[in-house]
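The numbers here are math on the coordinates, done by the rules we state, and not lab data. Quantities reported herein were computed from a predicted structural model and do not represent experimental measurements. Because the Cβ atoms are built from the backbone with ideal geometry, glycine has one as well, and the counts that use them run over all protein chains shown.
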Amino acid sequence: MGRAYRPSGVRVRVPASSANLGPGFDALGLALGLYDDVELSIVSDGLLVEVTGEGARDVPTDESHLLVRAARAAFDRLGGQPAGLRLSCTNRIPHGRGLGSSAAAIVAGVVAASVLADPDAGPRGALSDDELLSLATELEGHPDNVAACLLGAGTIAWMEGPKAQAVRFHPAADLVPVAFVPTQPLSTEVARGLLPARVPHADAAANAGRAALLVHALTTDLSVLLAATEDRLHQAYRAAAMPVSAMLVEKLRAADIPAVISGAGATVLALTSGDGPSVEVLAGYAPAGTAVLPLTVDYCGAVARPS
Ligand SMILES: Nc1ncnc2c1ncn2[C@@H]1O[C@H](COP(=O)(O)OP(=O)(O)OP(=O)(O)O)[C@@H](O)[C@H]1O
Ligand SMILES: N[C@@H](CCO)C(=O)O
């Protein structure tokens, strides 16, 4: 017999995230102050999905909706499905731009189900953060965005066999992430398909050093960010799918501004600081049609409260 759920609702706020940050492919993540808000309620029967904002015209409103799939996967772990569900999404994270929209939907779904199963168990419900992270990673395919989205701040994620693990780190208070968001989406699946199965040992070694330096740079010494954000494992292989963004990264870096492709692209993320170039100066580099978003670091991750 399935688990019995009381009719109840939960609101979950989830941050955008930038993965990789240059050399930390599938490992490093940064939670950003741009949020999707969702409300999931247990009702007597059926499924009702309402979406406003980003993706409203594109995402399905049936069982194939990503957040519904994630919530269903969590309810399965928790002992069974509720009789009916009602979902309302207010989306602000653009889809398919490298800002962790799919991770945000997945994390919102698993956290919402976890809280609905036991609102009194803790801030993120019946499942522990470790369980939520592993389940979200199974659904997303890699742990970097979901770790940052779930836990907030900077995250270093890794796999122990099938289980995802992550630790948080606190980026320096004067770090200012600025996103250059293009109009056109690029799916992570397509961008991952461009990566080679093997890479030169020298490139892997170079990235290991830079990724280690990057954690130091972000937490302790922003002045070494330019060197610390150099990548040889993914950006060049994907450049043909996002030539305008690849060129923008090159131009910003040539001007000593640490810039990387955010996640699988095609957003470009500049990691500046209080005494770095102003947003107006950065906007001067933006190709036509690109939105320039000065952001903050999110330190909370996924936040749930009963509705
Ligand atoms: N809030 C959402 N609700 C429903 N589906 C979503 C939502 N956000 C993302 N998706 C699904 O995920 C797809 C985008 O995922 P994809 O992994 O390609 O990009 P991303 O997550 O925005 O970027 P990245 O993984 O590089 O940071 C969308 O096209 C949509 O199908
Ligand atoms: N590490 C992932 C992030 C995008 O989801 C990638 O670059 O493919």
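Could you work out the relative contact order of the chain, using alpha carbon pairs under 8 angstrom and six or more residues apart, expressed as a whole percent?
Values: 713 pairs, mean separation 79.5, N = 307.
That works out to 26 percent.
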(message) Take residue 64 and residue 43, extend 7 Å from each Cα along the Cα→Cβ direction, and tell me the distance between the two endpoints in nm.
(response) 2.2 nm
(request) Quickly estimate the mean residue ellipticity at 222 nm for the chain, helices only: each DSSP H run with n ≥ 4 gives -39500 (n - 2.57), and the total goes over all residues, rounded to 500. (result) -9500 deg cm²/dmol
(message) From the mean inverse distance of alpha carbon pairs (Kirkwood) and the Cα radius of gyration, derive Rg over Rh for region 228-307.
(response) 1.04
(message) Ratio of alpha-carbon Rg to the 2.2 N^0.38 Å globular estimate for region 34-119, to two decimals, please.
(response) 1.03
(request) If a/c stays under 1.5 just call it rounded; otherwise compare a/b with b/c (prolate if a/b is bigger, oblate if not). Do that for region 161-203, with a ≥ b ≥ c from the square roots of the Cα gyration tensor eigenvalues. (result) oblate
(request) Subtract the Cα-Cα distance of residue 92 and residue 237 from 0.36 nm times their separation in residues, and report this length gain in nm to one decimal. (result) 49.3 nm
(request) Take peptides 261-269, 88-96, 274-282 and line them up by average Cβ neighbours within 10 Å, highest first, as a rough protection proxy. (result) 261-269, 88-96, 274-282
(message) Taking every alpha carbon pair in region 175-294, what does the distance histogram look like in 10 angstrom bins from 0, in percent?
(response) 13, 44, 35, 8, 0
(message) Compute, for the chain, the length of the dipole vector about the Cα centre, with Cβ point charges of +1 (Lys, Arg) and -1 (Asp, Glu) only. Units Debye, rounded to 20.
(response) 240 debye
(request) Rounded to the nearest Å, what's the spacing between the alpha carbon centres of region 141-166 and region 120-134? Just the number, please. (result) 14 Å
(message) Using a 7 Å offset from the Cα along the Cα-to-Cβ direction at both residue 205 and residue 158, what is the distance between the two label points in nm, to one decimal?
(response) 2.0 nm
(request) Report the semi-axes of the equivalent ellipsoid for the chain in whole Å, largest first, where each axis is √(5λ) for an eigenvalue λ of the Cα gyration tensor. (result) 34, 20, 18
